[in-house]
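Student: Structure below; questions to follow.
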Amino acid sequence: MALTPARTMPGVLELLPLDQIAFQRMLDTIRRNYERFGFLPVETPAIEYADVLLTKTGGETERQVYFVQSTGALEQGEKPDLALRFDLTVPLARYVAEHERDLNFPFRRYQMQRVYRGERAQRGRFREFYQCDIDVIGKDSLSIRYDAELPAVIYSVFRELAIGPFTIQLNNRKLMRGYFESLGVADAEQQMLVLREVDKLDKRGADYVRDTLTGEGFGLAAAAVEKILAFVQVRSTSLQDAFDKLDALGAGPEALEQGRAELKEVLGLIHALGVPETHYALNLSIARGLDYYTGIVYETTLNEHPQIGSICSGGRYENLAAQYTKSHLPGVGISIGLSRLYWQLREAGLVGTAQSTVDVLVTQMDEAQLPAYLALAGELRAAGIATEAVLEAGKLGKQFKYADRAGIRFAVVLGEDELAKGVVTVKDLRRGDQFEVARAELVKTLRVELEQAAAMG
């Protein structure tokens, strides 16, 4: 019988164990910081009803949906009525609408799960990937203060991830739309189209945006387009500079004034939340392409690796659950696409292979002493030291080689001599040295060695 080739489909991130540990530690860091700010865990099914998932049709994301069909339904020729989630935001809207009476508002949730999109096969684009989201959902209203809290969460996450200096960039869709209105772009739909083009500035360049906005599709006056391009070049270098540049925009329509007031309040509160001024800035080119953002928007970038693009983004939306409930449920949220971020960081050399989560290998010198080895391993595990015991006899050198290849730093040896003297030999495979320690002192000694190893990285 011919063997079936072992292969994965394009667009999935399948890692070897030590790389998976590095990825898992990033997940753990994100989760720890989300919980530190008082967010509660939620998980939703990977499969949703298609009509619930696709309440808004025609967007690029929706065209990438994977539909789900059981074998029995296929045999009966039925059309699929289920689909894999393509993000975590639409399932959140459904979840909040469905459980509205049982939730406490403002509802603060984090969700870290895989999502699925039919992306074209290319490097760094994934069909299955992790998203790590937080959102605050209000009932009837939600204070702008929550919009300031999320950058503090972003700062906490990426400071602990330690992947280099970063900047949280902020803008406000109201400010942008008000400014467009002051230039004669008053129609809400046209404003949205202009926003989408402005959002392409970093990828396509100013000439492309200029030609598009003055072309047949938009037909904006050249003077108005130049003012838009000047507007989106605004960046701040400090908190006071941000205030000054917002004031320099001059008076404008109600939307502009509201957007400016919100940005000033949020920027001031971010400072009060302890985020250093070096880590956040005003950037009036940030638009976020998704239509549901209505106010403050965020993008976070690595200062020394701008080619990676946004590593965390999000913003304010007024009523994302409108398709499912008559209740007014405004919210603000951010998302980290961790699979893509991890892949990009690894490509840039900013994250490497991790050490094993196993701290110690208990070797086997004499099969007759197996109960003693198992007792020693149990003692170390009870002390909180992750331990693997060798269960099949073999040459000691081969056992050391196994530990080294598996990324296990310490091996302990309990042979005849050690048993007679009441000691254990500890071998540090990374440094290549070894020492004896009294059996009663083994746990204490290993804890010290592990702490030192962790401190040295």
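The values are calculated or read from the model by the stated rules, or taken from the named source; none is laboratory data. All values derive from a computational prediction rather than experimental measurement. For neighbour counting, all protein chains shown are included, and Cβ atoms are generated from backbone atoms with ideal geometry for every residue, glycine included.
Student: When you check PRO45 against the structure, is it within 24 Å of SER335 (Cα to Cα) and not polar (S, T, N, Q), yes or no? Step through it out loud before you land on a result.
Tutor: Details: within 24 Å of SER335 (Cα to Cα): yes; not polar (S, T, N, Q): yes.
Yes.
Student: Follow-up. What's the total number of residues in region 214-243 that are assigned to a helix (DSSP H, G or I) and either under 32 Å from the mean Cα position of the chain (by Cα) or surrounded by fewer than 12 Cβ atoms within 10 Å (Cβ to Cβ) (or both)? Quick ask: steps written out before the conclusion?
Tutor: Keep residues of region 214-243 that are assigned to a helix (DSSP H, G or I), which gives 214, 222-231, 239-243.
Now restrict to residues that are either under 32 Å from the mean Cα position of the chain (by Cα) or surrounded by fewer than 12 Cβ atoms within 10 Å (Cβ to Cβ) (or both): 222-223, 228-231, 239-243.
Result for region 214-243: 11.
Student: Turning to a different aspect of this structure: Quick check on region 244-272: of everything there that is outside any helix (DSSP H, G or I) and of a type in the set (Gly, Ala, Ser), which residue is farthest from LYS174 (Cα to Cα)?
Tutor: ALA248
Student: Could you run through region 8-33 and say how many residues are in contact (Cβ under 8 Å) with a residue 40 or more places away in the chain and in contact with a helix residue (DSSP H, G or I) (Cβ under 7 Å, 6 or more places away or on another chain)?
Tutor: So the count comes out to 7.
Student: I need every pair where a residue in region 154-179 that is closer than 20 Å to PHE23 by Cβ and touching a residue at least 24 places away in the same chain (Cβ under 8 Å) has its Cβ under 8 Å from the Cβ of a residue that is aliphatic (A, V, I, L, M) and part of a helix (DSSP H, G or I), sequence separation at least 6 or different chains.
Tutor: Cβ pairs passing all conditions: VAL157/ILE30; LEU161/MET26; LEU161/ILE30; ILE163/LEU345.
Student: So SER313 passes all but one of these: (1) farther than 27 Å from VAL52 by Cα; (2) surrounded by 19 or more Cβ atoms within 10 Å (Cβ to Cβ); (3) not assigned by TED's automatic domain parsing to the domain that holds ASN33. Which condition number does it fail?
Tutor: It is condition (1) that SER313 fails.
Student: Could you tell me whether any residue of region 371-386 is more than 28 Å from ILE21 (Cβ to Cβ), out of contact with any Lys or Arg (no Cβ under 8 Å at 6 or more places or on another chain) and surrounded by 17 or more Cβ atoms within 10 Å (Cβ to Cβ)?
Tutor: No, there is no match, as no residue in region 371-386 is more than 28 Å from ILE21 (Cβ to Cβ), out of contact with any Lys or Arg (no Cβ under 8 Å at 6 or more places or on another chain) and surrounded by 17 or more Cβ atoms within 10 Å (Cβ to Cβ).
Student: Still on this structure, I have one more. Give ASN319, ASN303 a once-over and let me know the one that is over 18 Å from the mean Cα position of the chain (by Cα) and farther than 23 Å from GLU119 by Cβ. Give the derivation first.
Tutor: Details: ASN303 fails: over 18 Å from the mean Cα position of the chain (by Cα).
Going through ASN319, ASN303 in turn, just one is over 18 Å from the mean Cα position of the chain (by Cα) and farther than 23 Å from GLU119 by Cβ: ASN319.
Student: Let me confirm something: among THR294, THR278, which residue is assigned to a strand (DSSP E or B) and surrounded by fewer than 19 Cβ atoms within 10 Å (Cβ to Cβ)?
Tutor: On the way: THR278 fails: assigned to a strand (DSSP E or B).
Being assigned to a strand (DSSP E or B) and surrounded by fewer than 19 Cβ atoms within 10 Å (Cβ to Cβ) holds for just one of THR294, THR278, which is THR294.
Student: Taking GLY349 as the residue in question, decide whether it is under 30 Å from CYS132 (Cα atoms), among the small types (Gly, Ala, Ser), free of Cβ contacts under 8 Å to residues at least 60 places away in the same chain and not assigned by TED's automatic domain parsing to the domain that holds VAL423.
Tutor: Numbers: under 30 Å from CYS132 (Cα atoms): yes; among the small types (Gly, Ala, Ser): yes; free of Cβ contacts under 8 Å to residues at least 60 places away in the same chain: yes; not assigned by TED's automatic domain parsing to the domain that holds VAL423: yes.
In short, yes.
Student: Hey, another quick one. Could you give every pair whose Cβ atoms fall below 6 Å, whose first residue belongs to region 200-218 and is closer than 14 Å to PHE231 by Cα, and whose second residue is surrounded by 15 or more Cβ atoms within 10 Å (Cβ to Cβ) and small (Gly, Ala, Ser), counting only separations of at least 6 or pairs across chains?
Tutor: The qualifying pairs are LEU201/SER285.
Student: How many residues does region 181-205 contain that are under 19 Å from GLN169 (Cβ atoms) and exposed (fewer than 13 other Cβ atoms within 10 Å of the Cβ)? Show your work before the answer.
Tutor: As a first pass, look at region 181-205 and keep what is under 19 Å from GLN169 (Cβ atoms): 195-205.
Then keep just the ones that are exposed (fewer than 13 other Cβ atoms within 10 Å of the Cβ); that gives 203, 205.
The qualifying residues number 2.
Student: A follow-up question, please. Which pairs have Cβ atoms under 6 Å, sit 6 or more apart or on different chains, and link a residue in region 77-92 that is more than 14 Å from ARG109 (Cβ to Cβ) to one that is of a type in the set (Ser, Thr, Tyr) and modelled with pLDDT of 90 or more?
Tutor: Filtered contacts from region 77-92: LEU84/TYR66; LEU84/TYR116.
Results for (1) part of a strand (DSSP E or B); (2) not basic (Lys, Arg), shown as yes or no for each residue.
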position	(1), (2)
GLY274	no, yes
GLU304	no, yes
GLY315	yes, yes
ARG340	no, no
TRP343	no, yes
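Student: Right, something else. Please go through region 119-150 and give me each residue that is under 24 Å from ASP102 (Cα atoms) and buried (at least 20 other Cβ atoms within 10 Å of the Cβ), ordered by number.
Tutor: CYS132, ASP133, ILE134, ASP135, VAL136, ILE137, LEU142, TYR146 - these are the residues of region 119-150 that are under 24 Å from ASP102 (Cα atoms) and buried (at least 20 other Cβ atoms within 10 Å of the Cβ).
Student: May I pose another question? Check every one of the helices (runs of 4 or more DSSP H) wholly within region 1-86 and list those with 1 or more residues that are within 21 Å of the chain's Cα centre (by Cα) and not small (Gly, Ala, Ser). Step through it out loud before you land on a result.
Tutor: On the way: elements: 17-36, 50-53, 71-75.
So the answer is 17-36.
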